[in-house]
1. Take residue A:69 and tell me if it is under 14 Å from the mean Cα position of the chain (by Cα) and farther than 19 Å from residue B:105 by Cα.
2. Give the number of residues within segment B:12-43 that are crowded, with 17+ Cβ neighbours inside 10 Å and in a strand (DSSP E or B).
3. Any residue at all in segment A:86-101 that's facing chain B (nearest Cβ under 10 Å), at pLDDT below 95, surrounded by fewer than 16 Cβ atoms within 10 Å (Cβ to Cβ) and under 30 Å from residue B:10 (Cα atoms)?
4. Return the residues of segment A:29-40 that are more than 9 Å from every other protein chain (Cβ to nearest Cβ) and modelled with pLDDT under 90; say none if nothing qualifies.
5. Residues to consider are A:75, A:54; find the one that is surrounded by fewer than 22 Cβ atoms within 10 Å (Cβ to Cβ) and within 14 Å of chain B (Cβ to nearest Cβ).
6. Would you point out the residue of segment B:45-58, among those that are more than 8 Å from chain A (Cβ to nearest Cβ) and surrounded by fewer than 17 Cβ atoms within 10 Å (Cβ to Cβ), that is nearest to the chain's Cα centre (by Cα)?
């Protein structure tokens, strides 16, 4: 079965702190894709990143970075020097061939960045 | 259109009434997804379309829920005999191709359904 676990329900940090959001996934597929989405208070989900299972290279985009480790089935997301505008719910998602392309989401982590 | 469009944005209905929620995907996107998000909760998968067919309906919570898609475009999610537990935001997303998720899904702003 496909499953995504985001163990952290809520995280609160002070502006400029670094914060890491954890994501652990389960799949029996060898080909799969992992995603992170951001849901700000406005409600619309915003795509952040996609990573395929054959590419374990970590990625950095500005203050955002992602650490993909197949050995631990994790795809963690780090925000460096957090800002108030980063406050949102962040969802990790998995899509695999066995799920015929369906996106399975974790329950989300609510990040609050206080000034 | 430029993005995924959902209508109505808000719907208040009386318990027992039927409702129809509409989703206009991004033009050319063959895959379309419906999710439900209860207040403060994660995304609960409902149904997914590839073209006009639905290979995965496993998330529909009961036979009161149905969905269809025509012309590889607009999709309608219908909830019959609504119950208070159906109150949630219903999100629609589309992507270029499903095929194991090679492309990202883009989401609409959702329809907030309140059953009173």
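The values are calculated or read from the model by the stated rules, or taken from the named source; none is laboratory data. All of these numbers come straight from a predicted model, not from anything done at the bench. All Cβ positions, glycine included, derive from the backbone under ideal geometry; neighbour counts span all protein chains shown.
1. yes
2. Here the count works out to 11.
3. Checking segment A:86-101: not a single residue is facing chain B (nearest Cβ under 10 Å), at pLDDT below 95, surrounded by fewer than 16 Cβ atoms within 10 Å (Cβ to Cβ) and under 30 Å from residue B:10 (Cα atoms).
4. Selection gives A:30 alone.
5. Unique residue meeting the criteria: A:54.
6. B:57
A quick yes/no check of all residues on (1) touching a residue at least 24 places away in the same chain (Cβ under 8 Å); (2) over 30 Å from residue B:53 (Cα atoms); (3) outside any strand (DSSP E or B); (4) over 15 Å from the mean Cα position of the chain (by Cα):
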| position | (1), (2), (3), (4) |
| --- | --- |
| A:54 | no, no, yes, yes |
| A:60 | no, yes, no, no |
| A:93 | yes, no, no, no |
| A:107 | yes, no, yes, no |
| A:110 | yes, yes, no, no |
